[in-house]
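Novice: Submitted below is the structure of interest, expressed as structure tokens.
The values are calculated or read from the model by the stated rules, or taken from the named source; none is laboratory data. If you're wondering where the values come from, they're calculated on a predicted model, not measured in any experiment. So basically every Cβ, Gly included, is an ideal-geometry build from the backbone, and we count neighbours across all protein chains shown. The protein model used for the area step is the full one, side chains on, heavy atoms only, and it has no ligands, DNA or RNA in it. Shrake-Rupley method; radii C 1.70, N 1.55, O 1.52, S 1.80 Å.
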Amino acid sequence: MLAFLEATTSTTSGMGAMIIWIVVIFALMYFLMIRPQNKEKKKRAAMIEEMAVGDTVLTTSGFYGTIIDVQGDTVIVEFGNNKNCRIPMQVEAIAALEKPENAVKEEKTEK
């Protein structure tokens, strides 16, 4: 009878330890994978919201350009000094956004 009780208690303690490990693994996955990805999505959405005409952008293909027009989920970007090189592209193709220098100075003087 005593051997039976020891076997059942070791099985339940083993199950409890296994459940704890599963919870720990899911917590680690959340803090190492899911949470940073959600932060990055929010940061990118904020960048797209503050995008305006005249901003300098870096595309996902590595080209720098200036935004000429914003039309919903499409932007028209002018590349280089050539005024004829205007390409419409999706907003998702923009990797980084940089505000013009004079706009930043104007914001500081207004405050």
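Novice: Tell me, which residue of the range 22-81 that is of a type in the set (D, E, K, R) and in a helix (DSSP H, G or I) is nearest to Ile94 (Cα to Cα)? So that I can check it myself, show each step before the final result.
Specialist: If we filter the range 22-81 for residues that are of a type in the set (D, E, K, R), which is where we start, we get 35, 39-44, 49-50, 55, 69, 73, 78.
Then drop every residue that is not in a helix (DSSP H, G or I), which leaves 35, 39-44, 49.
Working: Arg35: 23, Lys39: 18, Glu40: 14, Lys41: 14, Lys42: 15, Lys43: 13, Arg44: 10, Glu49: 12 Å.
Of everything passing the filter in the range 22-81, Arg44 is nearest to Ile94 (Cα to Cα).
Novice: Would you please name the residue that is least open to solvent (accessible area, probe 1.4 Å), looking only at residues in the range 92-104 that are touching a strand residue (DSSP E or B) at 6+ places or on another chain (Cβ under 6 Å) and either among the hydroxyl-bearing types (Ser, Thr, Tyr) or within 20 Å of Lys41 (Cβ to Cβ) (or both)?
Specialist: Of the range 92-104, the ones touching a strand residue (DSSP E or B) at 6+ places or on another chain (Cβ under 6 Å) are 93-98.
Imposing the further condition that a residue be either among the hydroxyl-bearing types (Ser, Thr, Tyr) or within 20 Å of Lys41 (Cβ to Cβ) (or both) reduces the set to 93-97.
Numbers: Ala93: 26, Ile94: 1, Ala95: 51, Ala96: 40, Leu97: 43 Å².
Looking at the filtered set, the residue picked out is Ile94.
Novice: Which of the residues spanning the range 35-71 are β-branched (Val, Ile, Thr) and in contact (Cβ under 8 Å) with a residue 40 or more places away in the chain? I'd like the intermediate steps shown before the answer.
Specialist: Of the range 35-71, the ones β-branched (Val, Ile, Thr) are 48, 53, 56-57, 59-60, 66-68, 70.
Passing the criteria: Ile48, Thr56, Val57.
Novice: Then there's this: So which residues in the range 54-81 are exposed (fewer than 15 other Cβ atoms within 10 Å of the Cβ) and β-branched (Val, Ile, Thr), if there are any at all?
Specialist: Thr60, Thr74
Novice: Let me ask something additional. Could you grab me the full set of residues in the range 82-91 that are open to solvent by 50 Å² or more (accessible area, probe 1.4 Å) and part of a strand (DSSP E or B)? I'd like the intermediate steps shown before the answer.
Specialist: Here is the first cut: in the range 82-91, the ones open to solvent by 50 Å² or more (accessible area, probe 1.4 Å) are 82-84, 86-88, 90.
Of everything in the range 82-91, those that are open to solvent by 50 Å² or more (accessible area, probe 1.4 Å) and part of a strand (DSSP E or B) turn out to be Arg86, Ile87, Pro88, Gln90.
Novice: List the residue pairs whose Cβ atoms are under 9 Å apart, where the first residue sits in the range 78-102 and is over 12 Å from Ile67 (Cα atoms), the second is hydroxyl-bearing (Ser, Thr, Tyr) and part of a loop (DSSP other than H, G, I, E, B), and the two are 6 or more positions apart or on different chains.
Specialist: So the pair list comes out as Glu92/Thr60; Ala93/Thr60; Ala93/Ser61; Ala95/Thr60; Ala95/Ser61.
Novice: Sticking with this structure for a sec: Can you tell me how many residues in the range 15-51 are under 30 Å from Glu98 (Cβ atoms) and either open to solvent by less than 100 Å² (accessible area, probe 1.4 Å) or touching a strand residue (DSSP E or B) at 6+ places or on another chain (Cβ under 8 Å) (or both)?
Specialist: 10
Novice: Also, I was wondering about something else. Modelled with pLDDT under 95 and in contact with a helix residue (DSSP H, G or I) (Cβ under 7 Å, 6 or more places away or on another chain): which single residue out of Asp73, Asp55, Asp69 fits that description?
Specialist: After applying the criteria, what remains is Asp73.
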